[in-house]
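Data first, discussion second: the structure below is written as structure tokens.
Quick note: the coordinates plus some simple rules give every number you see, no bench work behind them. Just so it is clear, the model here is predicted, and its values are computed rather than measured. In this analysis, Cβ positions are derived from the backbone assuming ideal geometry, glycine residues included, and neighbour counts consider all displayed protein chains.
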Amino acid sequence: MTSTVLITGANRGVGLALARHYHAEGWQVIGVCREASHELAEVAARLIEGVDVTRAEDVVRLAEELEGQRLDLLINNAGLLRDELLGEIDFDSIREQMEVNAYAPLRVTEALLDNLGEGGKVANITSRMGSIADNDSGGRYGYRASKAALNAFGKSLAVDLAPRGIAVIQLHPGYVQTRMVNFGGLITPEEAAAGIAERIAALTLSTTGTFWHSNGEPLPW
């Protein structure tokens, strides 16, 4: 039976690289995004566009469109990076990052619980910048806080979903050459996707609720 993966924010960057990776591996890819791309359309078995994962009504519509569709893997990938300077903090910017990076993955996961059965997996694309122990440079108040919140949500999901046989993992993709960082990263989206997929493949209920770099390095909370 063909495995099915749903990826949010799948139209570009790491999301698109993940869609291409799983398509090449023979998976059925469901790509979810606000605006579709030709590149995503080439690899997605199903493309659901016009979905803003911060909008409750959009996520409800997503769940309705996927009624009865088994998901073997849900990858919460959509994300937003902004910067704030102490003394000039834009709290609306922080709020927006919390909505996209933390609340949306939890909202999507909860909405699609009926699609995830025993043996299913949830992967949250987070960041090592959400690690409190690893923070030795400060700044990035909204991004750090939103990813730390996502890590907390992911840990609770891991505990609550374990009795259903569903495993959850938090994954830092690395410093990736995407538009989010003006293409100044150290690794390509394809390299990040390969590492992420390897970590997901290794995920079991015995390792659920853990936090990893895509290169295989365990990360501190």
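Overview of values
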| read-out | value |
| --- | --- |
| Test: residue in segment 92-100 that is hydrophobic (A, V, I, L, M, F, W, C) and more than 21 Å from SER127 (Cα to Cα) | no |
| Some residue of segment 147-165 being part of a loop (DSSP other than H, G, I, E, B), within 19 Å of ASN77 (Cβ to Cβ) and in contact with a strand residue (DSSP E or B) (Cβ under 7 Å, 6 or more places away or on another chain) | no |
| Residue selected from segment 158-175 under the condition touching an Asp or Glu at 6+ places or on another chain (Cβ under 8 Å) and surrounded by 22 or more Cβ atoms within 10 Å (Cβ to Cβ), by the criterion nearest to THR188 (Cα to Cα) | GLY174 |
| Meets criteria (aliphatic (A, V, I, L, M), crowded, with 20+ Cβ neighbours inside 10 Å, within 28 Å of ARG61 (Cβ to Cβ) and in contact with a Phe, Trp or Tyr (Cβ under 9 Å, 6 or more places away or on another chain)) for ALA102 | yes |
| Residues of segment 185-221 satisfying the condition of being surrounded by 19 or more Cβ atoms within 10 Å (Cβ to Cβ), in contact with a His (Cβ under 6 Å, 6 or more places away or on another chain) and under 21 Å from ARG20 (Cα atoms) | ALA193, ALA197 |
| Single residue of segment 19-68 satisfying the filter (touching a strand residue (DSSP E or B) at 6+ places or on another chain (Cβ under 7 Å) and of a type outside the set (A, V, I, L, M, F, W, C)) that is surrounded by the most Cβ atoms within 10 Å (Cβ to Cβ) | GLY31 |
| Single residue of ALA123, ALA63, ALA36, ALA41 found to be out of contact with any Ser or Thr (no Cβ under 6 Å at 6 or more places or on another chain), closer than 28 Å to GLU198 by Cα, free of Cβ contacts under 8 Å to residues at least 24 places away in the same chain and of a type in the set (A, V, I, L, M, F, W, C) | ALA41 |
| The one condition in (1) buried (at least 20 other Cβ atoms within 10 Å of the Cβ); (2) within 30 Å of GLY87 (Cβ to Cβ) that ASP134 fails to fulfil | (1) |
| Some residue of segment 95-109 being within 20 Å of GLN170 (Cβ to Cβ), of a type in the set (Lys, Arg), touching a residue at least 12 places away in the same chain (Cβ under 8 Å) and assigned to a helix (DSSP H, G or I) | yes |
| Leading residue by the ranking (nearest to GLY174 (Cα to Cα)) among those in segment 112-131 that are among the hydrophobic types (A, V, I, L, M, F, W, C) and buried (at least 21 other Cβ atoms within 10 Å of the Cβ) | ILE125 |
